[in-house]
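What follows is a single structure, written as structure tokens, with notes after it.
The values are calculated or read from the model by the stated rules, or taken from the named source; none is laboratory data. Predicted model, so just to flag it, every value in this text is computed and none were measured. Here the Cβ positions follow ideal geometry from the backbone for every residue, glycine too, while neighbour counts run over all protein chains shown.
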Amino acid sequence: MSNNTNTGSEKILVDYKVLDQLLKKQSRELMKEILFKLRQKGKLTDLDIKDVFKEEDILVDINIFSNKLSPAEAIVKHLFENYDLNYHKIGILLNRDERGIWSTYSRANKKQKKFIKVKETKYLIPLDEFSDRTLSILETTVYYSIKNFMLTIAQIAKLLNKDPSTVWTVFNRAKLKIKIKKGE
């Protein structure tokens, strides 16, 4: 009888933990939505929002990829300059070696001395999406935009300042990589 009670207690504890995680995630999502609306109205800046969330909760505006920098250079430069993260922390967040992050930032800084100006949009990608090394930074951006924002190839091409045929190729390459990863 006591075994059944322990199992029942354990099940309740597991259910509680799952529910607690779900509520935390929903609360975080609601907070992100509220902060995004305040940012749209000009009441908050990215730096204000940065102070509310942990680094893992950073949202990357799709427009940072629309300049002359490579996608990797753009995201590293953005995180280093706009979020005051060091190479080590950026490496951890992007699942990349910090020496490569240093090299990427150095190249980006040679190409573009000025800060990356973010033309704020409603298309924000969670930073942790870029930590999966299956896809490149650009593939992640395009794939996420199509699957989560329901954007067309043409819309993404315009936002990223790229040719639509390039975006189509990147999306199809991403689909293929994901299919291979899933073992289909």
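If you take just the helices (runs of 4 or more DSSP H) that sit entirely in segment 54-127, which of them hold at least 2 residues that are out of contact with any Pro (no Cβ under 9 Å at 6 or more places or on another chain) and either in the same structural domain as residue 30 (by TED's automatic domain parsing) or closer than 27 Å to residue 164 by Cα (or both)? Please lay out each step first, then the result.
Details: elements: 71-82, 87-94, 98-111.
Once the helices (runs of 4 or more DSSP H) in segment 54-127 are filtered for at least 2 residues that are out of contact with any Pro (no Cβ under 9 Å at 6 or more places or on another chain) and either in the same structural domain as residue 30 (by TED's automatic domain parsing) or closer than 27 Å to residue 164 by Cα (or both), what remains is 71-82, 98-111.
Can you pull out the residues in segment 100-148 that are modelled with pLDDT of 90 or more, of a type in the set (Phe, Trp, Tyr) and over 14 Å from residue 59 (Cα atoms)?
102, 105, 143
Starting from segment 108-126, take each residue that is in contact (Cβ under 8 Å) with a residue 24 or more places away in the chain and list its partners that are hydroxyl-bearing (Ser, Thr, Tyr), counting only C-beta distances under 7 angstrom and pairs at least six apart or across chains.
Pairs that qualify, where the first residue is in contact (Cβ under 8 Å) with a residue 24 or more places away in the chain and the partner is hydroxyl-bearing (Ser, Thr, Tyr), are 123/145; 125/141; 125/144.
Among the residues in segment 161-175, are any closer than 15 Å to residue 64 by Cα and surrounded by 13 or more Cβ atoms within 10 Å (Cβ to Cβ)?
Taking every residue of segment 161-175 in turn, at least one turns out to be closer than 15 Å to residue 64 by Cα and surrounded by 13 or more Cβ atoms within 10 Å (Cβ to Cβ).
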